[in-house]
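Comments concern the structure below.
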Amino acid sequence: MIRSFLFVPGDSEKKLAKAESAGADALILDLEDAVAPERKPAARELVAAYLWSSPRDARRTQLWVRINPLDGGAAHADLEAVVAASPDGVMLPKANGPQDVAALSAQLDAMRADDVRILPVATETPIAPFKLGEYADARLARLYGLTWGAEDLSAALGASTNRDPTTGEWAFTYRMVRSLTLLAAHAAGVAAVETLYADYKDEAGLRAASRTARAEGFSGRLAIHPAQVGAINESFTPSVDEVEHARRVVAAFAAAPSVGTIGLDGKMLDMPHLKQAQRTLALAQAHQERAS
Ligand code: COA
Ligand code: MG
(Lines give C-alpha, C1' and ligand atoms only; values in the text may rest on other atoms or scores of the structure.)
(Ligands and ions follow the chains in the order given, each with its own letter.)
Protein backbone atom coordinates (compact mmCIF):
# COMPACT_ATOMS: atom_id res chain seq x y z
CA MET A 1 0.00 0.00 0.00
CA ILE A 2 1.49 3.31 -1.08
CA ARG A 3 1.20 6.07 1.54
CA SER A 4 2.92 8.92 -0.30
CA PHE A 5 3.09 9.68 -4.02
CA LEU A 6 5.50 12.61 -4.60
CA PHE A 7 5.08 14.57 -7.83
CA VAL A 8 8.33 15.52 -9.56
CA PRO A 9 8.28 17.77 -12.64
CA GLY A 10 9.68 15.55 -15.40
CA ASP A 11 11.75 18.29 -17.00
CA SER A 12 13.66 19.27 -13.84
CA GLU A 13 17.01 17.52 -13.61
CA LYS A 14 17.55 19.09 -10.21
CA LYS A 15 14.26 17.89 -8.71
CA LEU A 16 14.64 14.43 -10.26
CA ALA A 17 18.05 14.14 -8.63
CA LYS A 18 16.64 15.18 -5.25
CA ALA A 19 13.40 13.24 -5.33
CA GLU A 20 14.47 9.78 -4.24
CA SER A 21 15.95 10.97 -0.94
CA ALA A 22 12.57 12.40 0.10
CA GLY A 23 11.51 8.96 1.35
CA ALA A 24 8.24 8.72 -0.57
CA ASP A 25 6.76 5.29 -1.21
CA ALA A 26 6.32 6.31 -4.86
CA LEU A 27 7.39 9.16 -7.12
CA ILE A 28 5.17 10.44 -9.91
CA LEU A 29 7.44 11.68 -12.66
CA ASP A 30 5.22 14.27 -14.29
CA LEU A 31 4.87 14.78 -18.02
CA GLU A 32 1.56 16.67 -17.76
CA ASP A 33 0.77 20.00 -16.16
CA ALA A 34 4.06 20.58 -14.34
CA VAL A 35 5.79 20.62 -17.73
CA ALA A 36 5.34 23.42 -20.29
CA PRO A 37 4.31 22.21 -23.77
CA GLU A 38 7.64 23.08 -25.37
CA ARG A 39 9.49 21.18 -22.64
CA LYS A 40 7.58 17.90 -23.08
CA PRO A 41 10.05 16.24 -25.48
CA ALA A 42 12.94 17.00 -23.13
CA ALA A 43 10.91 15.77 -20.15
CA ARG A 44 10.15 12.45 -21.89
CA GLU A 45 13.86 11.89 -22.41
CA LEU A 46 14.77 12.79 -18.84
CA VAL A 47 12.04 10.62 -17.34
CA ALA A 48 12.98 7.65 -19.53
CA ALA A 49 16.65 8.02 -18.56
CA TYR A 50 15.67 8.25 -14.89
CA LEU A 51 13.64 5.03 -15.14
CA TRP A 52 16.41 3.18 -16.99
CA SER A 53 18.92 4.24 -14.34
CA SER A 54 16.82 2.54 -11.66
CA PRO A 55 16.04 -1.05 -12.76
CA ARG A 56 12.68 -2.17 -11.53
CA ASP A 57 13.93 -5.09 -9.40
CA ALA A 58 16.39 -2.85 -7.59
CA ARG A 59 13.95 -0.04 -6.81
CA ARG A 60 13.17 0.88 -3.21
CA THR A 61 10.79 3.59 -4.32
CA GLN A 62 8.10 2.89 -6.88
CA LEU A 63 8.39 5.02 -9.99
CA TRP A 64 5.16 6.12 -11.62
CA VAL A 65 4.71 8.43 -14.60
CA ARG A 66 1.88 10.92 -15.07
CA ILE A 67 1.17 10.96 -18.79
CA ASN A 68 -0.92 13.54 -20.64
CA PRO A 69 -4.68 13.05 -21.06
CA LEU A 70 -5.75 10.46 -23.61
CA ASP A 71 -7.49 12.93 -25.93
CA GLY A 72 -4.59 14.49 -27.82
CA GLY A 73 -1.44 12.97 -29.24
CA ALA A 74 0.84 13.63 -26.29
CA ALA A 75 -0.21 10.57 -24.26
CA HIS A 76 0.87 8.22 -27.02
CA ALA A 77 4.28 9.91 -27.28
CA ASP A 78 4.60 9.70 -23.48
CA LEU A 79 3.94 5.95 -23.46
CA GLU A 80 6.30 5.34 -26.38
CA ALA A 81 9.05 7.17 -24.48
CA VAL A 82 8.71 5.59 -21.03
CA VAL A 83 7.02 2.19 -21.09
CA ALA A 84 10.06 0.21 -22.23
CA ALA A 85 11.89 1.49 -19.12
CA SER A 86 9.38 -0.31 -16.84
CA PRO A 87 7.56 2.24 -14.72
CA ASP A 88 5.65 0.66 -11.82
CA GLY A 89 2.55 2.56 -12.80
CA VAL A 90 0.96 5.26 -14.91
CA MET A 91 -1.18 8.07 -13.53
CA LEU A 92 -3.93 9.03 -15.97
CA PRO A 93 -5.12 12.65 -15.57
CA LYS A 94 -8.55 13.90 -16.67
CA ALA A 95 -9.94 10.37 -16.98
CA ASN A 96 -13.60 10.54 -17.98
CA GLY A 97 -14.39 7.12 -16.54
CA PRO A 98 -13.41 3.44 -16.59
CA GLN A 99 -13.54 3.39 -20.39
CA ASP A 100 -10.47 5.64 -20.46
CA VAL A 101 -8.62 3.34 -18.07
CA ALA A 102 -9.61 0.39 -20.29
CA ALA A 103 -8.27 2.24 -23.35
CA LEU A 104 -4.96 2.96 -21.63
CA SER A 105 -4.83 -0.62 -20.43
CA ALA A 106 -5.27 -1.86 -24.02
CA GLN A 107 -2.38 0.34 -25.13
CA LEU A 108 -0.19 -1.08 -22.36
CA ASP A 109 -1.25 -4.61 -23.36
CA ALA A 110 -0.18 -3.87 -26.94
CA MET A 111 3.19 -2.68 -25.64
CA ARG A 112 3.54 -5.86 -23.54
CA ALA A 113 3.86 -3.80 -20.37
CA ASP A 114 2.34 -6.50 -18.23
CA ASP A 115 3.08 -5.25 -14.73
CA VAL A 116 2.21 -1.59 -15.11
CA ARG A 117 -0.61 -0.41 -12.80
CA ILE A 118 -2.92 2.57 -13.45
CA LEU A 119 -4.07 5.33 -11.09
CA PRO A 120 -6.66 7.58 -12.74
CA VAL A 121 -7.39 11.06 -11.45
CA ALA A 122 -11.07 10.28 -11.52
CA THR A 123 -12.83 13.62 -10.92
CA GLU A 124 -11.11 16.18 -13.15
CA THR A 125 -13.77 16.52 -15.84
CA PRO A 126 -17.47 17.36 -15.33
CA ILE A 127 -18.68 13.96 -16.55
CA ALA A 128 -16.14 11.92 -14.56
CA PRO A 129 -17.89 11.97 -11.15
CA PHE A 130 -21.00 10.43 -12.71
CA LYS A 131 -18.96 7.40 -13.79
CA LEU A 132 -17.24 6.70 -10.48
CA GLY A 133 -19.58 3.86 -9.53
CA GLU A 134 -18.80 2.08 -12.80
CA TYR A 135 -15.23 1.29 -11.77
CA ALA A 136 -16.61 -1.43 -9.49
CA ASP A 137 -17.83 -3.60 -12.39
CA ALA A 138 -15.26 -2.62 -14.99
CA ARG A 139 -12.83 -5.49 -14.30
CA LEU A 140 -9.72 -3.38 -14.72
CA ALA A 141 -6.90 -5.66 -13.59
CA ARG A 142 -4.35 -2.85 -13.75
CA LEU A 143 -6.36 -0.47 -11.55
CA TYR A 144 -4.29 0.40 -8.46
CA GLY A 145 -6.70 2.90 -6.97
CA LEU A 146 -8.68 6.06 -7.56
CA THR A 147 -7.64 9.58 -6.72
CA TRP A 148 -9.34 12.92 -7.14
CA GLY A 149 -8.40 16.48 -8.00
CA ALA A 150 -10.10 19.82 -7.47
CA GLU A 151 -8.09 22.25 -9.58
CA ASP A 152 -8.84 20.94 -13.05
CA LEU A 153 -12.47 20.32 -12.15
CA SER A 154 -12.98 23.89 -10.99
CA ALA A 155 -11.27 25.16 -14.16
CA ALA A 156 -13.61 22.99 -16.24
CA LEU A 157 -16.60 24.44 -14.40
CA GLY A 158 -15.47 28.02 -14.94
CA ALA A 159 -15.46 28.38 -11.16
CA SER A 160 -13.48 31.20 -9.59
CA THR A 161 -12.95 29.20 -6.38
CA ASN A 162 -13.25 25.65 -5.08
CA ARG A 163 -13.33 26.75 -1.44
CA ASP A 164 -16.20 27.62 0.84
CA PRO A 165 -15.78 31.38 1.42
CA THR A 166 -16.67 31.24 5.13
CA THR A 167 -14.85 28.10 6.32
CA GLY A 168 -12.02 27.84 3.77
CA GLU A 169 -12.86 24.12 3.43
CA TRP A 170 -13.50 22.49 0.06
CA ALA A 171 -16.77 23.77 -1.38
CA PHE A 172 -19.65 21.30 -1.54
CA THR A 173 -18.99 20.08 -5.09
CA TYR A 174 -15.41 19.10 -4.20
CA ARG A 175 -16.35 17.46 -0.89
CA MET A 176 -18.97 15.52 -2.84
CA VAL A 177 -16.56 14.21 -5.48
CA ARG A 178 -14.02 13.40 -2.76
CA SER A 179 -16.57 11.22 -0.94
CA LEU A 180 -17.67 9.59 -4.19
CA THR A 181 -14.04 8.77 -4.97
CA LEU A 182 -13.66 7.17 -1.54
CA LEU A 183 -16.81 5.09 -2.00
CA ALA A 184 -15.99 4.14 -5.60
CA ALA A 185 -12.48 2.98 -4.69
CA HIS A 186 -13.79 0.72 -1.92
CA ALA A 187 -16.60 -0.54 -4.15
CA ALA A 188 -13.96 -1.51 -6.70
CA GLY A 189 -11.70 -3.01 -4.03
CA VAL A 190 -8.79 -0.65 -4.77
CA ALA A 191 -6.91 2.07 -2.90
CA ALA A 192 -8.51 5.44 -2.20
CA VAL A 193 -5.82 8.09 -2.64
CA GLU A 194 -6.39 11.54 -1.14
CA THR A 195 -5.61 14.59 -3.25
CA LEU A 196 -2.65 16.89 -2.65
CA TYR A 197 -2.36 19.50 0.09
CA ALA A 198 -1.32 22.66 -1.71
CA ASP A 199 0.09 24.70 1.19
CA TYR A 200 3.39 22.86 1.50
CA LYS A 201 4.68 25.05 4.33
CA ASP A 202 1.75 24.15 6.61
CA GLU A 203 2.89 20.85 8.11
CA ALA A 204 0.41 20.88 10.99
CA GLY A 205 -2.48 21.37 8.58
CA LEU A 206 -1.19 18.60 6.32
CA ARG A 207 -0.92 16.21 9.28
CA ALA A 208 -4.41 16.96 10.54
CA ALA A 209 -5.96 16.61 7.08
CA SER A 210 -4.03 13.40 6.38
CA ARG A 211 -5.04 11.77 9.67
CA THR A 212 -8.65 12.64 8.93
CA ALA A 213 -8.33 11.17 5.46
CA ARG A 214 -6.92 7.91 6.80
CA ALA A 215 -9.62 7.71 9.45
CA GLU A 216 -12.18 8.02 6.66
CA GLY A 217 -10.68 5.18 4.60
CA PHE A 218 -8.04 6.76 2.35
CA SER A 219 -4.77 4.79 2.30
CA GLY A 220 -2.37 7.45 1.06
CA ARG A 221 -2.15 10.84 -0.58
CA LEU A 222 -0.42 12.87 -3.26
CA ALA A 223 2.50 15.16 -2.31
CA ILE A 224 4.00 18.09 -4.19
CA HIS A 225 7.06 18.89 -2.06
CA PRO A 226 9.68 16.66 -0.37
CA ALA A 227 8.94 18.34 2.96
CA GLN A 228 5.42 16.82 2.90
CA VAL A 229 6.50 13.20 2.66
CA GLY A 230 7.40 12.49 6.29
CA ALA A 231 4.11 13.81 7.65
CA ILE A 232 2.15 11.86 5.04
CA ASN A 233 3.96 8.57 5.68
CA GLU A 234 3.42 8.92 9.41
CA SER A 235 -0.23 9.89 9.07
CA PHE A 236 -1.02 6.87 6.91
CA THR A 237 0.83 4.39 9.14
CA PRO A 238 -1.19 2.98 12.06
CA SER A 239 0.17 4.35 15.35
CA VAL A 240 1.58 2.13 18.13
CA ASP A 241 -1.61 2.69 20.15
CA GLU A 242 -3.84 1.76 17.22
CA VAL A 243 -1.88 -1.43 16.59
CA GLU A 244 -2.02 -2.35 20.28
CA HIS A 245 -5.77 -1.78 20.37
CA ALA A 246 -6.26 -3.82 17.18
CA ARG A 247 -4.30 -6.72 18.70
CA ARG A 248 -6.55 -6.67 21.75
CA VAL A 249 -9.69 -6.64 19.59
CA VAL A 250 -8.50 -9.60 17.52
CA ALA A 251 -7.46 -11.48 20.67
CA ALA A 252 -10.82 -10.82 22.34
CA PHE A 253 -12.70 -12.29 19.37
CA ALA A 254 -10.29 -15.23 19.19
CA ALA A 255 -11.02 -15.98 22.85
CA ALA A 256 -14.77 -16.11 22.15
CA PRO A 257 -14.91 -18.11 18.91
CA SER A 258 -18.64 -18.56 18.35
CA VAL A 259 -19.78 -15.16 19.59
CA GLY A 260 -20.63 -12.29 17.25
CA THR A 261 -20.64 -9.45 19.75
CA ILE A 262 -18.30 -8.90 22.68
CA GLY A 263 -17.51 -6.19 25.20
CA LEU A 264 -14.06 -4.64 25.56
CA ASP A 265 -13.25 -1.72 27.87
CA GLY A 266 -16.99 -1.13 28.29
CA LYS A 267 -17.66 -0.85 24.55
CA MET A 268 -19.62 -3.16 22.28
CA LEU A 269 -17.62 -4.72 19.45
CA ASP A 270 -19.02 -6.69 16.53
CA MET A 271 -17.89 -7.84 13.09
CA PRO A 272 -17.10 -4.40 11.59
CA HIS A 273 -14.76 -3.72 14.52
CA LEU A 274 -12.99 -7.05 14.01
CA LYS A 275 -12.57 -6.35 10.29
CA GLN A 276 -11.22 -2.88 11.03
CA ALA A 277 -8.75 -4.31 13.56
CA GLN A 278 -7.56 -6.94 11.08
CA ARG A 279 -7.13 -4.25 8.45
CA THR A 280 -5.06 -2.12 10.83
CA LEU A 281 -2.77 -5.07 11.63
CA ALA A 282 -2.35 -5.95 7.94
CA LEU A 283 -1.47 -2.34 7.11
CA ALA A 284 0.98 -2.07 9.99
CA GLN A 285 2.66 -5.28 8.90
CA ALA A 286 2.87 -4.17 5.25
CA HIS A 287 4.49 -0.87 6.21
CA GLN A 288 6.89 -2.64 8.59
CA GLU A 289 7.98 -5.05 5.86
CA ARG A 290 8.62 -2.11 3.54
CA ALA A 291 10.76 -0.39 6.16
CA SER A 292 12.97 -3.41 6.83
N1 COA B 1 10.55 16.93 -6.10
C2 COA B 1 11.89 16.96 -5.90
N3 COA B 1 12.55 18.02 -5.40
C4 COA B 1 11.80 19.09 -5.07
C5 COA B 1 10.41 19.12 -5.27
C6 COA B 1 9.78 17.98 -5.81
N7 COA B 1 8.46 17.95 -6.03
N8 COA B 1 9.94 20.30 -4.85
C9 COA B 1 11.01 21.01 -4.40
N10 COA B 1 12.13 20.28 -4.55
C11 COA B 1 13.49 20.68 -4.16
C12 COA B 1 13.86 22.03 -4.75
O13 COA B 1 14.44 21.86 -6.02
C14 COA B 1 14.81 22.57 -3.71
O15 COA B 1 16.09 21.99 -3.95
P16 COA B 1 17.44 22.74 -3.47
O17 COA B 1 17.37 22.79 -1.96
O18 COA B 1 18.52 21.86 -3.99
O19 COA B 1 17.40 24.09 -4.10
C20 COA B 1 14.28 22.01 -2.42
O21 COA B 1 13.51 20.87 -2.77
C22 COA B 1 13.43 22.99 -1.66
O23 COA B 1 12.41 23.46 -2.51
P24 COA B 1 11.69 24.87 -2.28
O25 COA B 1 12.65 25.98 -2.55
O26 COA B 1 11.03 24.83 -0.96
O27 COA B 1 10.56 24.84 -3.35
P28 COA B 1 10.60 25.44 -4.84
O29 COA B 1 10.22 26.87 -4.77
O30 COA B 1 11.91 25.09 -5.49
O31 COA B 1 9.48 24.61 -5.57
C32 COA B 1 7.30 23.88 -6.16
C33 COA B 1 8.11 24.70 -5.17
C34 COA B 1 5.84 23.82 -5.72
C35 COA B 1 7.41 24.49 -7.54
C36 COA B 1 7.90 22.45 -6.18
O37 COA B 1 7.76 21.90 -4.90
C38 COA B 1 7.38 21.53 -7.22
O39 COA B 1 7.82 21.55 -8.36
N40 COA B 1 6.43 20.62 -6.85
C41 COA B 1 5.89 19.66 -7.76
C42 COA B 1 4.94 20.32 -8.72
C43 COA B 1 4.23 19.30 -9.57
O44 COA B 1 4.82 18.33 -10.03
N45 COA B 1 2.94 19.51 -9.79
C46 COA B 1 2.19 18.59 -10.57
C47 COA B 1 1.08 18.00 -9.77
S48 COA B 1 -0.08 19.18 -9.21
MG1 MG C 1 -3.95 18.98 -13.27
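The values are calculated or read from the model by the stated rules, or taken from the named source; none is laboratory data. Remember, it's a predicted structure, so these values are computed and weren't measured experimentally. Quick reminder, even Gly has a Cβ in these numbers, built from the backbone with ideal geometry, and neighbours come from all protein chains shown. Calculation scope for accessible area: heavy atoms of the full protein, side chains included, ligands and nucleic acids excluded. Shrake-Rupley method; radii C 1.70, N 1.55, O 1.52, S 1.80 Å.
Gain in length, Ile127 to Asp57, computed as 0.36 nm per residue apart minus the alpha-carbon separation, to one decimal in nm?
Length gained between Ile127 and Asp57: 21.4 nm.
Using heavy-atom solvent-accessible surface (probe 1.4 Å) with all chains present, what is the largest-first order of Asp109, Asp71? Working shown, then result.
Numbers: Asp109 90, Asp71 125 Å².
Descending order: Asp71, Asp109.
Just to be sure I understand: with springs between alpha-carbon atoms less than 10 Å apart, which residue in Thr280, Thr181, Thr261 has the highest mean-square fluctuation in the Gaussian network model of the chain?
Thr261
Using the reciprocal of the averaged 1/r over all distinct C-alpha pairs, how large is the Kirkwood radius of the range 240-291 in Å? Don't jump to the answer; show the numbers that get you there.
Values: mean 1/r = 0.0874 Å⁻¹.
Across the range 240-291, the inverse of the average 1/r is 11.4 Å.
For the ranges 96-104, 237-245, 47-55, 189-197, what's the packing order if you count other beta-carbon atoms within 10 Å of each residue, average per peptide, and put the highest first? Intermediate values should be presented prior to the final figure.
On the way: 96-104: 19.3, 237-245: 14.4, 47-55: 16.9, 189-197: 21.3.
With the highest mean Cβ count within 10 Å placed first, the list reads 189-197, 96-104, 47-55, 237-245.
Under 14 Å from the Cβ of Ala150, count the other residues' Cβ atoms, weight Lys and Arg +1, Asp and Glu -1, and hand me the total. Numbers along the way, then the final one.
Working: positive: Lys94, Arg163, Arg175, Arg178, Arg221; negative: Asp33, Glu124, Glu151, Asp152, Asp164, Glu169, Glu194, Asp199.
Every neighbour counted, the sum reads -3.
Work out, step by step, the length gained on full extension between Arg290 and Asp270: first 0.36 nm times the residue separation, then minus their alpha carbon distance; give nm to one decimal. The partial results should precede the final answer.
On the way: separation 20, 0.36 × 20 = 7.20 nm, distance 3.09 nm.
Gain on stretching Arg290 to Asp270: 4.1 nm.
Karplus couplings for the range 141-150 from phi (6.51 cos²θ - 1.76 cosθ + 1.60, θ = phi - 60°), rounded to Hz, Gly and Pro as x?
These are the phi-based 3J(HN,Hα) values: 4, 7, 5, 7, x, 10, 10, 9, x, 9 Hz.
Name the longest site-free stretch of the chain, where the excluded sites are trypsin sites (Lys or Arg not before Pro) in a DSSP loop with no more than 11 other beta-carbon atoms within 10 Å. The partial results should precede the final answer.
Values: sites that count: Arg60, Arg112, Arg139, Lys201.
Looking at the chain, 202-292 is the longest stretch - no exposed trypsin sites (Lys or Arg not before Pro) with at most 11 other Cβ atoms within 10 Å.
With r as the distance between the Cβ atoms of Leu183 and Asp114 and R0 = 35 Å, compute the FRET efficiency 1/(1 + (r/R0)^6) and round to 0.05. Walk me through the numbers before you get to the answer.
Values: r = 30 Å, r/R0 = 0.85.
So, using R0 = 35 Å, E works out to roughly 0.75.
How big is the range 121-193 along each principal axis, measuring the range of its Cα positions in Å and listing the largest first?
For the range 121-193, the Cα extents along the three principal axes come out at 40, 21, 16 Å.
Just to be sure I understand the model, the point goes 7 Å from the Cα along the line to the Cβ. What's the resulting Glu151 to Glu169 distance in nm?
Inter-label distance under the simple model: 2.4 nm.
What nm distance separates the two modelled labels at Lys18 and Ala102, each placed 7 Å from Cα along Cα→Cβ?
Spacing of the two 7 Å Cα→Cβ label points: 4.3 nm.
So if each residue of separation counts as 0.36 nm, and I subtract the Cα-Cα distance between Asp71 and Val250, what length gain in nm does that give?
Working: separation 179, 0.36 × 179 = 64.44 nm, distance 4.90 nm.
Result: 59.5 nm gained on full extension.
Volume per residue, Å³, of the convex hull around the alpha-carbon atoms of the chain?
On the way: hull volume 45.8 nm³, N = 292.
With only Cα atoms used, the chain gives 157 Å³ per residue.
Give the value in nm², to one decimal: projected area of the alpha carbon convex hull of the range 1-118, averaged over all directions.
Working: hull surface 27.7 nm².
Across all orientations, the range 1-118 yields a mean hull projection of 6.9 nm².
What size of dipole, in debye to the nearest 20, comes out for the chain about its Cα centre when the only charges are +1 on Lys and Arg C-beta atoms and -1 on Asp and Glu C-beta atoms? List each step's numbers first, then the result.
Working: 31 positive and 37 negative charges, 109 e Å.
Around 520 debye, computed over the chain.
From the helices alone, meaning DSSP H stretches of at least four residues, give me the mean residue ellipticity at 222 nm for the chain, per-run term -39500 (n - 2.57), in deg cm²/dmol to the nearest 500. List each step's numbers first, then the result.
Working: 10 runs with 122 residues, N = 292.
Helix contribution divided over all residues of the chain: -13000 deg cm²/dmol.
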